[in-house]
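Below: one structure, written as structure tokens.
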Amino acid sequence: MQLRRIRVSNFRKLIDPVEIAELPPGLAIIGGANEEGKSTLLEAIRAVLFEKHGLTGEAARAMQPLGAAVAPELELDFTVDGTEYHLWKRFVSNAAAKLRGAGRIWENDAAEDKLEGLLGFARPGRGPSKIEHHGLWGLLWVSQGAAFEEVRPNATARESLAGVLNSEVGEVLGGDVGPRLLDHFGRQRDRFWTKAGRPRGELKDAQAGLERAYEARQIAENKLAKETGNRNRVAQVEGDLARMREEGVVADLERRLHEAEARQHELAERKRAVDAAEQQEKLVRTEREQAQSRWQSRKELRDALAELERQEAESSEAVAAREEESQRALAERDRLNKWLVEADEGMERLRGRERHLEGLHRRQTAQNERNRVADTLDKATIAEAAVREARKAASALPVTEIIVQRLRRQQQGVAEADARLQGAASQLRLDVNVAHKVTGEAQTDHAGYRITGAAEVSLEGVGRIELQAGGANLPEQREQARRARSERDAAIAELGVTTLVEAEEQLDRKQAYEKEADNQAKRLDALAPEEEGGSTGLRDRLDKLDAELESLPAPAVDDPIRDDLAVVCETARKEREAAEAPRNQARKSFDSQQLIAQDAETQLTRARTRWEGLQHNRQHQQRQLEEARAAVDDNSIAHALHDMERQEETAAAAARAARDALQREDPDDIELRVTNARAAVAKAKEREDALEREADGLRRVLREMGAEGLSEQLADIKREEEAVERQAAAVEREAAAVWRAAEVLEEAAREARQAYLTPLNRHLVPYLRYLFPDAEPVLSDTLEVQGLERAGQEEAFTQLSIGAREQVAILTRLAFADLLAESGGDAPTVILDDALVYADQERFETMKHLLNRSASKHQVLMLTCRPMDYLSMGAPEFRIGPSDGEIT
């Protein structure tokens, strides 16, 4: 079998579709970084071939990407004996399978059965497949981290390889007689021995019977010896018990325990005296701490009041200094404001003249433009008659989407403009003793009045003061507020509605009318192009020009002649620009001083706030101290603290005296004496009881043994033992003869087997000689690599270094694949996932050469995270891309 194309989707970490196509028949390198899905690709190939599409349970869920409930889909194009096949499978959800090839199509279970027969493998009865179920491919496809493990072909792989070997070598094991003779003595040996050389069957039973006879004799002898020992032990136990009772051991120990417990009682009395003294000490200490706390609280009140009085005095001085600074700043601001008002009045006169002249010039230009537009509109009116009726219903509703949106924005703009205007307004505070009235653009607030434009203050019996707000951006902001309100009101009036809901309903109706009107408007486009706004654009333009003409000033009697308007406008502009510099300087000075004055006011407010807060805190603290002194004066608290300190010293001395008296009694020694005495009494009683129980038990055992006749039983057992020994010796002689005969026949079979394995060694030995010049492979009957033989010494596979095991295992698989390809059958595919990771540089280069050599006979796919290391092999390279997950 050779692989041609692989496509994977929603399989483990390969979520996006991944496809590798046009695989060559020889060597191919599939590269990619760690965690990019190389090993997943190999698992996908195994799954599409060897797992049933209806697989369920944990094995099926493991195919899905982590956290995703999707259906894995796998495709594989391959050839078998020159016939191309296409295999597709979907797992988990709507599971299905389809195999196409040789002009036929097999689906679902039929596809699975065909695939099984085609590739020569056997699936398990249920559940997921394992490597041993993958047939020859389980031997030739090596997963990551498994390249150095022992090569153990499964039953199907062994059968395929044995068929090739038998076809080439023929019968080298003695025909039919040799195997039958070897089988006969092998079965005879199996009667007596296990594969590991341990006894079994008749031999094991004979040896076991002999062992049981030995054990029976030993048990009888032990019982007889035990009976003698028990009699001796009874005499010893009864003697020990009699001595304990004669010497009065228990009574003496109980007397000592009583004396120790009396001293323990006296010690407990002294401990209670210590506890009482320490309790009194704690009580007095608590009362002293409470007196100390009261004295500390009173001291903190006095100190806090003194500190607040000091801070209040400092804050009062700061308030006076801030008031003086604020008055100076306000006076300077008023002087600069007067200068700015005079400059603004002059500038306004110049601007007014400039605007008037520009208006006359614009009026002249607009009139010429209006005449041109009116002439064009008259020509388009005739063409517009065809569509007027269709637009009549729509034009009756002036509302548009833009107007509705603009109305919302205009309402928001009015609110924002008013807020900015209030923020830039001038502040007026009046402190007069006469009746007064403020009129004009002024609003009251908590500090006085906010002036947003022209205002007037009338002072009864004094006169009046005219005010003009002078903020840096106030005129502009006032104009913005006026313009915002004007635009909003105009929009409302233009729509002829009272609410936004009504406007939206009109808009819906108008859009329905306009859809019908648009169908008729195409006829008008020839006279009034749509890209220029059509006739509506001409009318709008004419309306704007008319409105502009109405807003422009009418020429006065003394206005300049029409031909000089441009020159006069330029002269007025230069006069206005010349006056802007001193006016801007006045504005800059006023704005700067305004900030200074505002800062001075802020600092004054903060100073007053702090002074008032300190004054309030000082008064509160003073009231607290007065109330506390009214309850208990300072001297009483001090005397109470002094009395409690003396009482604490007295209680502490009494507690120390009680503890010293207790310590002189040596409490630990007394407790130890009591504990030891109690333990000794208990131990003595326990010993006396144990001796009595042991003596009773031994006497009972002796009575029972006397009834068994142990001497007679021992004589009978010895006679039976001799008979069993004779029978076991005969069986052992027969077993030894069978073992020797089988050894001789197996040695002859091994010599024949070497000839049997010659075709495989013809491929394997040349590979091994590149790395191990004097080594010969050691293969088992089941074609397992058991190790290497060097200089007459056999070295087990597991004793080789991990790098050597990896290299030997890979070369053995290549030799298997070479043998199968040479046999004339379908050349197999070898897949190695991240192999050769334990090879040094020299052996790595040698292994690359051998891989190239083997790939000339069959397909070899190398999955690796280091594709650059294989660049020198000249093989096609396929990579798992880091950006989109595709293999290219």
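The values are calculated or read from the model by the stated rules, or taken from the named source; none is laboratory data. Since the structure is predicted, the reported quantities are computational estimates derived from the model, not experimental observations. Here Cβ is always computed from backbone atoms with ideal geometry, including for glycine, and neighbour counts include all displayed protein chains. Only protein heavy atoms, including side chains, enter the accessible area calculation; ligands, DNA and RNA are left aside. Shrake-Rupley method; radii C 1.70, N 1.55, O 1.52, S 1.80 Å.
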Of all the residues that make up segment 456-479, how many are modelled with pLDDT of 85 or more and open to solvent by less than 70 Å² (accessible area, probe 1.4 Å)?
-> 5
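Out of curiosity, is Q799 surrounded by fewer than 22 Cβ atoms within 10 Å (Cβ to Cβ) and either aromatic (F, W, Y) or within 48 Å of the chain's Cα centre (by Cα) (or both)?
The answer is yes for Q799.
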Which residues, counting only those in segment 108-151, are over 29 Å from A815 (Cα atoms), more than 38 Å from the chain's Cα centre (by Cα) and surrounded by fewer than 15 Cβ atoms within 10 Å (Cβ to Cβ)?
-> D109, A110, D113, G125
Return a yes/no flag: does segment 171-192 have any residue that is open to solvent by less than 40 Å² (accessible area, probe 1.4 Å), modelled with pLDDT of 80 or more and either in a helix (DSSP H, G or I) or within 30 Å of A730 (Cα to Cα) (or both).
-> no
Quick check: is even one residue across segment 568-588 in a helix (DSSP H, G or I), polar (S, T, N, Q) and either within 30 Å of D334 (Cβ to Cβ) or modelled with pLDDT of 85 or more (or both)?
-> yes
State yes or no: is A547 among the hydrophobic types (A, V, I, L, M, F, W, C) and modelled with pLDDT of 75 or more?
-> yes
Tell me which residues, restricted to segment 227-248, are modelled with pLDDT of 80 or more and of a type in the set (S, T, N, Q).
-> N232, Q236
Just to be sure, is L340 more than 28 Å from A556 (Cα to Cα), crowded, with 18+ Cβ neighbours inside 10 Å and at pLDDT below 85?
-> yes
Out of the residues in segment 828-863 that are aliphatic (A, V, I, L, M) and surrounded by fewer than 21 Cβ atoms within 10 Å (Cβ to Cβ), which is nearest to T758 (Cα to Cα)?
-> L850
Can E35 be described as within 37 Å of the chain's Cα centre (by Cα), open to solvent by 40 Å² or more (accessible area, probe 1.4 Å) and acidic (D, E)?
-> yes
Counting only residues that are hydrophobic (A, V, I, L, M, F, W, C) and either touching a helix residue (DSSP H, G or I) at 6+ places or on another chain (Cβ under 6 Å) or under 24 Å from E342 (Cα atoms) (or both), give me the strands (runs of 3 or more DSSP E) lying completely in segment 414-484 with at least 3 of them.
-> 448-459
Using beta carbons and a limit of 7 Å, which pairs, at least six apart or on different chains, have the first residue in segment 723-747 and within 19 Å of A208 (Cβ to Cβ) and the second one at pLDDT 75 or above and open to solvent by 60 Å² or more (accessible area, probe 1.4 Å)?
-> A728/Q207; V731/E202
Residues satisfying the stated conditions in segment 213-230, i.e. hydroxyl-bearing (S, T, Y) and touching a residue at least 12 places away in the same chain (Cβ under 8 Å) = Y214
By residue number, the members of segment 424-455 that are surrounded by 14 or more Cβ atoms within 10 Å (Cβ to Cβ) and not small (G, A, S) are Q427, L428, H436, V438, E441, Y449, R450, I451, T452
Within segment 657-691, count every residue that is open to solvent by 40 Å² or more (accessible area, probe 1.4 Å) and in contact with a Lys or Arg (Cβ under 8 Å, 6 or more places away or on another chain).
-> 3
Using beta carbons and a limit of 6 Å, which pairs, at least six apart or on different chains, have the first residue in segment 17-29 and under 23 Å from R90 (Cβ atoms) and the second one open to solvent by less than 10 Å² (accessible area, probe 1.4 Å) and of a type outside the set (F, W, Y)?
-> V18/V8; I20/I6; L23/L3
Within segment 1-18, track down each residue that is in a strand (DSSP E or B), open to solvent by 20 Å² or more (accessible area, probe 1.4 Å) and touching a Ser or Thr at 6+ places or on another chain (Cβ under 9 Å).
-> Q2, R4
Run V414 past the list (1) under 25 Å from E505 (Cβ atoms); (2) in contact with a strand residue (DSSP E or B) (Cβ under 8 Å, 6 or more places away or on another chain) and report the number of the one that doesn't hold.
-> (2)
Which listed residue, of A415, A393, is of a type outside the set (S, T, N, Q), open to solvent by 50 Å² or more (accessible area, probe 1.4 Å) and over 30 Å from Q585 (Cβ atoms) | A415
Kindly establish whether L871 is open to solvent by less than 10 Å² (accessible area, probe 1.4 Å) and at pLDDT 85 or above.
-> no
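Open to solvent by less than 30 Å² (accessible area, probe 1.4 Å) and farther than 18 Å from Y767 by Cα - does that describe any residue in segment 817-827?
yes
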Residue match in segment 613-636 (condition: of a type in the set (V, I, T), surrounded by 12 or more Cβ atoms within 10 Å (Cβ to Cβ) and in a helix (DSSP H, G or I)) = no
So which of L764, L819, L851 is free of Cβ contacts under 8 Å to residues at least 60 places away in the same chain and not small (G, A, S)?
-> L764
